[in-house]
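Bear in mind that the values in this text are calculations on the coordinates, not laboratory data. None of the values given here were measured: they were computed from a predicted structure. We place every Cβ from the backbone using ideal geometry, glycine too, and count neighbours over all the protein chains shown.
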Amino acid sequence: MDFVATLFGVFGGLAVFLFGLHYLSDALKKVAGAKLKRLLEKLTSNRVKACAVGAFTTAIIQSSSMTMVTLIGFLNAGILALEQAVWVMLGAEIGTTITAQIIAFKIGTLYLPIIAVGFFTSFFSKSRKMKNIGCVALGFGLIFMGMHIMSGSVKPLKDEPFFQSMLVAFGREPIFGVIAGAVFTAIIQSSSATTALVIAMGASNIITLPAAIALTFGANIGTTVTAQLASIGSKLSSKRLAFAQSMVNMLGVGLFFPFIYPFANFVALTSTELPRQIANSHTIFNVIVTAIMLPLSRPLVKLSHAVIKGKEGAQESGLKYVNRNIMLVPSIALKQIKKEVRRMSKLTIDMLELARKAMLEADLKTTKHLPEKEDIVDELKIALFPMLEELCKQDLSESDRKQAVMLKGHVIDIERVGDHANNLYELAQKMEELKIELSPKEKQELKHYFDLAQEAYLASVKLMERPSQKLFKIVLDNERELDTIQEKIEKIEISSAKKENAIIMVEALLNLERISDHAKNILGTIRQGF
């Protein structure tokens, strides 16, 4: 036997399989992404519905690891509660078995015309929908091609004494198979790929059913590594979900392991073909484990809290509703980014009120946190803008693309309003240092322009939520009056008896006028629709 050729064949076929699986997953998300979003939005306290959503979503995107990473993103973003995420995760355990059922079909070399049809449809069709369907077909074709290569490559191994003795050991001592399956899956981070390789060995009749079941049991444990890695640096709830998945899979294997031979005998009755038996064992195992664990989800959540102790701290700085994991589902990421932009706008509204208090009431004690808020707004802008640019490059619907572009403009204007609010606060600090006190008349004028700028900006923020002619009018009227500040500045410079007061008034009025400009920019972006 040419060992090098066999090795290249096995890992080359595995690489084609994994590439096809990844390609198929991306294509299916494009075809069904909006439906998945609506499904997730409809999640309620109903555990059966949540479990069904997890199973369906995982079956569509062909990756339980991807579902887990997405769930961790949802937990970090506050979209789901931990128990809801556990329900979806349990459903994902069932959904991931669909891959094994698909690849257990004998299609011979029919993958070649499937690849051909998929390629020509995806590359030459003018319809985006047909392109995506072509990508789905191409992904399926590559999966079966990878299986065909692996199956052909492992055939010579059945005559190798070392490989024979290893598989015999897996049959006699299934614990070795469980360990091997767990380690291999943890390394390649795909239980579907491990199961595919086991089914390929089954197709070549070089493995027994008990040994195959032991390897798939191990794959169920090894696949939890992906969630553990994704939860690093995430909220406690995300770590608890990763722990819950590990516990479910380890408890499931622990429950079935003592009965692996009777279980193999039972599974053998479901089909006469070994590849299908392996696929069926994978499905039956996950369905039974999910059925057992679903009613026990609350104790499971309590256990995760007991093991991973601590309280989620109140988050002020950084992203609250969005992280990199959630970018895997662009339509939902866009919705969460809107929440962050809303949060930015509320922070800047608060900053303007604090700046007003600092300047008109000389209150620097209760307004001292304004610069910290400005830092948070800057952080949000730095984090959100690249995410929005990334979203704009993805395959979004036309309305979602317009929203992403519009939000980019809003993020810039909101951040600049925060800068001007901070400038006004620094003017108040300067007034205190230099012992400058505005006259009653100057305070009255400044109050009037503060009113105009704040009202215009608040109206523009409300316009981001819903269009209103009344709000449009407020922004335009107030901005028009604030545009006359230039004339006011000239009068201040001529008539002011105190030079320091004049400088403070000029800088304050200019900042207020620019705030109204940004309110008008927000209005303009909304009117244009992008």
Specify which labelled value, from [x] 4, 17, 24, 22, 16, 10, 6, 2, 0; [y] 4, 16, 21, 18, 14, 10, 8, 5, 3, 1, 0; [z] 4, 18, 29, 27, 17, 6, 1, 0, agrees with P(r) over Cα pairs in 10 Å bins from 0, in percent derived from the coordinates of the model shown. [y]
Length added when fully stretched, residue 527-residue 412, from 0.36 nm per residue minus Cα-Cα: 39.7 nm
Report the extension gain between residue 342 and residue 311 in nm, rounded to one decimal, defined as 0.36 nm multiplied by the number of residues separating them, less their alpha carbon distance. 8.6 nm
What FRET efficiency would be calculated for the residue pair residue 251, residue 451, taking the C-beta separation as r and a Förster radius of 51 Å, to the nearest 0.05? 0.20
Kindly provide the pair-distance distribution of the range 3-307 built from C-alpha pairs, with 10 Å bins from 0 and whole-percent values in order of increasing distance. 7, 27, 34, 23, 9, 1
Distance between the C-alpha centers of the range 190-233 and the range 446-480? Whole Å please. 60 Å
Inter-label distance, nm, simple model (7 Å from Cα along the C-beta direction), residue 119/residue 270: 3.6 nm
What FRET efficiency, computed as 1/(1 + (r/R0)^6) with R0 = 45 Å and r the Cβ-Cβ distance, is obtained for residue 429 and residue 397, rounded to the nearest 0.05? 0.40
Counting other C-beta atoms within 10 Å, which of 451, 400 has the fewest, and how do the rest follow? 451, 400
Specify the inter-centroid distance of the range 383-429 and the range 89-117, based on alpha-carbon positions, in whole Å. 42 Å
Taking only Cα atoms, what is the 0 to 90° angle, nearest 10, from helix 64-77's long axis to the longest principal axis of the chain? 20 degrees
Under the 0.36 nm per residue contour assumption, what length would be gained going from the current alpha-carbon distance of residue 189 and residue 126 to full extension? 19.1 nm
Using a Förster radius of 41 Å, what is the FRET efficiency between residue 46 and residue 101 based on their Cβ-Cβ separation? Nearest 0.05, please. 0.95
